[in-house]
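A.B. asks: Structure in structure tokens, see below.
The values are calculated or read from the model by the stated rules, or taken from the named source; none is laboratory data. Keep in mind that this is a model prediction, so the values were computed, not measured. A quick note on method: Cβ atoms are made from the backbone with ideal geometry, for glycine too, and the neighbour counts reach across all protein chains shown.
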Amino acid sequence: MMAPSCGEAPADEAVPPPSRPASPAPSTEGRFGGPRGPLRDPSGLQRLALDDAEDVNSMEEVMLEYAAMDRELNHYMEAIEETVNQIKQEKPENIPDLKCLVKEKFTALESKNSDSDLEKNEKYIYFKDQLKEMRKQFRLKSDNNDNDAIEQIDEDIAVTQSQVNFICPITQVEMKKPVRNKVCGHSYEQDAILKIIQTRKQQKKKVRCPKIGCSHDDVKESDLVQDEALKRAIDSQNKQSWSTL
């Protein structure tokens, strides 16, 4: 039998789904690939090793928020599927309020949530694995204190700076339409950051800048501008890459 609390409604009433959040990803560089610490001394290398608990905790919070939004969307889709199957099986004479039914099933699924579920999210697990690997790599490099080792690390970072710089901290792929945050100066893929802002707005929550180490916790669409300089730099590097093939 259908839930008595749900009245009848048009069959074609649309139920707007929550937006799927883009996957955030860790980064250790500044806006144009610049590291956050000096490179010519061991203490600088240690700062680059992501041992800074505040930075790691900040990024972990972002990842857990993403996992929560991802779980919410999955529950929403599951609620829709259950509702459709129920209608097919019962074949009621009058179409019930589908929006109400979906909401009831969604609420039931959400009531079973636990914090431990978020730590099982595949993106969160991937983040933890990457963090562990980065710590391991930087720790090995920081053990070599001779000048040759330090110089080699500098060269490695210089080579990767131009590439990492073009990677969106949310999608972890090269940006095509970069936008810059006027408040903190960090850049993101336009569609990715707007989806996160839209989702958090529906939840009446603020958006923290997904760039690791950034303390800005109120990213707004009105603060985003087209990053033309970064777009030209990306296009220029891509042209150079094609010319060398």
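A.B. asks: Inspect all residues belonging to region 68-76 and state whether any of them is over 20 Å from residue 201 (Cα atoms) and either at pLDDT below 85 or not charged (D, E, K, R) (or both).
C.D. replies: No.
A.B. asks: Taking residue 207, is it farther than 18 Å from residue 60 by Cα, out of contact with any Ser or Thr (no Cβ under 6 Å at 6 or more places or on another chain) and modelled with pLDDT of 90 or more?
C.D. replies: Against the criterion (farther than 18 Å from residue 60 by Cα, out of contact with any Ser or Thr (no Cβ under 6 Å at 6 or more places or on another chain) and modelled with pLDDT of 90 or more), residue 207 does not qualify.
A.B. asks: Output yes when any residue across region 151-161 is under 30 Å from residue 234 (Cβ atoms), touching a strand residue (DSSP E or B) at 6+ places or on another chain (Cβ under 8 Å) and modelled with pLDDT under 85, and no when none is.
C.D. replies: Scanning region 151-161 turns up at least one residue that is under 30 Å from residue 234 (Cβ atoms), touching a strand residue (DSSP E or B) at 6+ places or on another chain (Cβ under 8 Å) and modelled with pLDDT under 85.
A.B. asks: Taking the stated definitions as given, is residue 195 at pLDDT below 85, part of a helix (DSSP H, G or I) and of a type in the set (D, E, K, R)?
C.D. replies: Criteria not met by residue 195.
A.B. asks: Between a first residue in region 129-141 that is at pLDDT 75 or above and a second residue that is surrounded by 15 or more Cβ atoms within 10 Å (Cβ to Cβ), which pairs have beta carbons less than 6 Å apart while being 6 or more apart in sequence or on different chains?
C.D. replies: As it stands, the answer is 134/50, since those pairs meet every condition given.
A.B. asks: Being of a type in the set (S, T, N, Q) and part of a helix (DSSP H, G or I) is the filter; apply it to region 59-106 and report the residue that is farthest from residue 129 (Cα to Cα).
C.D. replies: 89
A.B. asks: Restricting attention to region 180-223, which residues are crowded, with 17+ Cβ neighbours inside 10 Å and charged (D, E, K, R)?
C.D. replies: Those that are crowded, with 17+ Cβ neighbours inside 10 Å and charged (D, E, K, R): 180, 189, 195, 200, 208, 211.
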